[in-house]
Amino acid sequence: MSPALDPRPVAPRPKGEAWLGWASFLLMIGLWGAAALAVNSRFLPAPWTVIAHISWLTNEAHLLPDFTVTLGRAALGFVTAMVLGTVIGIALGRSRLVDRLFLNWVVVGMNLPAIVIAILCFIWLGLNDKALILAVVLNKTPLVITNIRQGVLSFDPAFDELARAYRLSRGQTFRLIHAPQLVPYLLTAARTGLSLVWKIVLVFEVLGSDSGVGFRVSLFFQFFDLKGILAYTLVFVAIVMVLEHVAIGPLERRLLKWRTDQT
Amino acid sequence: MAHGPDLSLSIARLTFGGEVLYKDFHLNVAGGEIVALIGPSGVGKTTLLRILAGVETGFDGLALVDGHPAPLAPVPGLVFQDARLLPWLSCADNLRAVRPDVSDEVVAQALAATGLVDVQDKWPRQLSGGMQRRLGLARALLVNPRLMLLDEPFVSLDRVVVRELQALVTDLIVQSGATAVLVSHDPQDAARLAHRVVIIAGRPVQIAADLALDALPAQRSRTQIIAYEDRIETAMVESAL
């Protein structure tokens, strides 16, 4: 049985310690504020200055449209890569022939520099959203494939035997036996994928787009606008934290409840 | 009461890891009979059970359940030695996994028949080893099996739990009239449960002894069980010589 499916209980995090996570965040802001006061330079604005600037950028400038565009691109790239990667990963994990034929492609895809893929897509398809999203998908998909393939290879054959003995249909076998074994690998792929997609989209927006967070940050860079760069970074961090604590974390707890539930 | 199916197993040749495990092996089990397959660990007992369950098909030969090839025969009630519960499903859902159409009431009845109470919403890991085996047994019963296949169902349990489970399994099989094949390395399991004991040994595997135990399993006295156990042990020692 793969470690991810080990039925031994995993101790849930004590609820009373949840405040520590928030305290570490406040500590980070505090250290930043102290450093800004000590340095007193326009190259390190204080957190309160940056937060005030976020408000101005939201009301008077392009913060909302920039994040909407970037989030849209990241979401489209992420979902496409997850779906494609899952299907291909299952195919590679289930068929030795397909695995032998295409595993090297995945290895190449994993190791091709992101910037090379982006430049090729921009040259072939032009400086547009299609090229950008395709580049994101090509970068992210091999990572999902690798995770899912590993998950499929670690399926416990004892459960397949149970399914065959009790004559479960293919659909039942997938739903009851295979999908639950894939969940930890899907969650890992989603977590690592989200962080990767964000970074790639921003770099590609710097390289070949006239909209989005990456494009705006590159403009700030040209004017040495540290306040703007940090404001966008802070909003970016806030969105990542919300995604983790509102979407991925609760989803993970729900799907893996059988490992932690003490009731 | 309708009896379970007749079993007929003929293996011309079965290899495992390049070694011939079975060659010209024949086993017949009459409908409603409880047969214990006894032999040393690793001899290939579980392989026979997997063939009868229809999950092992890589051999030259034929496994017939009431005249039908094993994979097409009615769903057997299979009890694994490791309980083999799906850890991500609740106890009730583990039962529903093999019979999605059953009502909550039927699930509760199957659990109650194996002595499990208030476990529907628990996870398998929250049960003791003995309770997990009971749940595996409840799952097997839920398919209303005419054929029960039990693979070392009492191994690694403490003696009191083993006694309870042996009595429970005997009652449930005898009441249902199912044909049953029990695989074990322990003569005591056979002495308590089986109508007939088949001792297998050697390479390729052959039937070393075929013993009929006269008294009905549910009605055996302690003295009879001890006498049967001695008889089986003696036959096992002789088969190893």
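List of remarks:
- Of the candidates B:Asp60, B:Asp93, the single residue that is of a type in the set (Asp, Glu) and at the interface with another protein chain (Cβ under 9 Å from one of its Cβ atoms) is B:Asp93.
- Boolean, B:Ala70 is among the aliphatic types (A, V, I, L, M), on the phi < 0 side of the Ramachandran plot and at pLDDT below 85: yes
- Within the range B:43-57, tally of residues that are farther than 21 Å from B:Ala201 by Cα and more than 9 Å from chain A (Cβ to nearest Cβ): 1
- Of the residues making up the range B:202-236, those that are touching a residue at least 60 places away in the same chain (Cβ under 8 Å) and open to solvent by less than 20 Å² (accessible area, probe 1.4 Å) are B:Val205, B:Pro217, B:Ile232.
- Helices (runs of 4 or more DSSP H) contained in the range A:42-124 and holding at least 2 residues within 17 Å of the chain's Cα centre (by Cα), of a type in the set (Val, Ile, Thr) and buried (at least 19 other Cβ atoms within 10 Å of the Cβ): A:63-94
- Of all residues making up the range B:113-126, the number that are in a loop (DSSP other than H, G, I, E, B) and either within 11 Å of chain A (Cβ to nearest Cβ) or closer than 18 Å to A:Ala165 by Cα (or both): 3
Rundown of residues vs (1) at the interface with chain B (Cβ under 10 Å from one of its Cβ atoms); (2) modelled with pLDDT of 90 or more, yes/no style:
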position: A:Ser154; (1), (2): no, yes
position: A:Arg164; (1), (2): yes, yes
position: A:Val201; (1), (2): no, yes
position: A:Phe215; (1), (2): no, yes
position: A:Leu251; (1), (2): no, yes
position: A:Thr263; (1), (2): yes, no
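- Candidates in the range A:184-238 are the residues that are within 17 Å of the chain's Cα centre (by Cα) and hydroxyl-bearing (Ser, Thr, Tyr); of these, the one that is least open to solvent (accessible area, probe 1.4 Å) is A:Tyr185.
Quick grid of which residues meet (1) touching a Lys or Arg at 6+ places or on another chain (Cβ under 9 Å); (2) farther than 21 Å from A:Ile115 by Cα; (3) part of a helix (DSSP H, G or I); (4) not charged (D, E, K, R):
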{"position": "A:Leu194", "(1), (2), (3), (4)": "no, no, yes, yes"}
{"position": "A:Val201", "(1), (2), (3), (4)": "yes, no, yes, yes"}
{"position": "A:Asp210", "(1), (2), (3), (4)": "no, no, no, no"}
{"position": "A:Phe215", "(1), (2), (3), (4)": "no, no, yes, yes"}
{"position": "A:Phe224", "(1), (2), (3), (4)": "yes, yes, no, yes"}
{"position": "A:Tyr232", "(1), (2), (3), (4)": "yes, yes, yes, yes"}
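- Filtered residues of the range B:19-42 (kept if over 18 Å from B:Arg196 (Cβ atoms) and either of a type outside the set (Phe, Trp, Tyr) or within 13 Å of chain A (Cβ to nearest Cβ) (or both)): B:Glu19, B:Val20, B:Leu21, B:Lys23, B:Asp24, B:Pro40, B:Ser41, B:Gly42
The values are calculated or read from the model by the stated rules, or taken from the named source; none is laboratory data. Remember, it's a predicted structure, so these values are computed and weren't measured experimentally. We place every Cβ from the backbone using ideal geometry, glycine too, and count neighbours over all the protein chains shown. Heavy atoms of the whole protein, side chains included, go into the accessibility calculation; ligands, DNA and RNA do not. Shrake-Rupley method; radii C 1.70, N 1.55, O 1.52, S 1.80 Å.
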